[in-house]
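The structure appears right after this line, and notes come after that.
Quick note: the coordinates plus some simple rules give every number you see, no bench work behind them. Just so we're clear, the structure is a prediction, and the values are computed from it rather than from any experiment. No Cβ is skipped: glycine too gets one built from the backbone with ideal geometry, and neighbour counts run over all protein chains shown.
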Amino acid sequence: MKITPSSITDIANGNGVEPATSATGGSAPARVQNTPVEPVNSSASIEISAASRALSASAADTGIDTKRVSDIQQAISDGRFQINAGVVADKLIASVHELLARN
């Protein structure tokens, strides 16, 4: 199919559009809508509530060191990141002991 400016206009207007075929072989109606777009009111404004600002502030304070995360990601990408299996095992065992102590 050759695409020309007039064929793009025809497709946008729904002219010459054949129904799509589903995976089971049935046909589905073409989903073309000719809805006019309203211009955006550039003088529109929004107000953020105090609760929303507080929620945004608390979400920003996650306690995650983003610099450290970025450094680890870069080290993994560069192939420089080394895992100390002993440290991982010790921390895993400590967390299991802590969980068992709670119950």
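Obtain the nm distance between the two label points defined at R68 and Q82 by a simple spin-label model: each point lies 7 Å from its Cα along the Cα-to-C-beta direction.
That separation, rounded to one decimal, is 2.0 nm.
Using each residue's phi in the stretch 78-89, evaluate 6.51 cos²θ - 1.76 cosθ + 1.60 at θ = phi - 60° and report the 3J(HN,Hα) Karplus result to the nearest Hz, with x for Gly and Pro.
Couplings: 7, x, 9, 7, 10, 9, 8, 4, x, 5, 4, 4 Hz.
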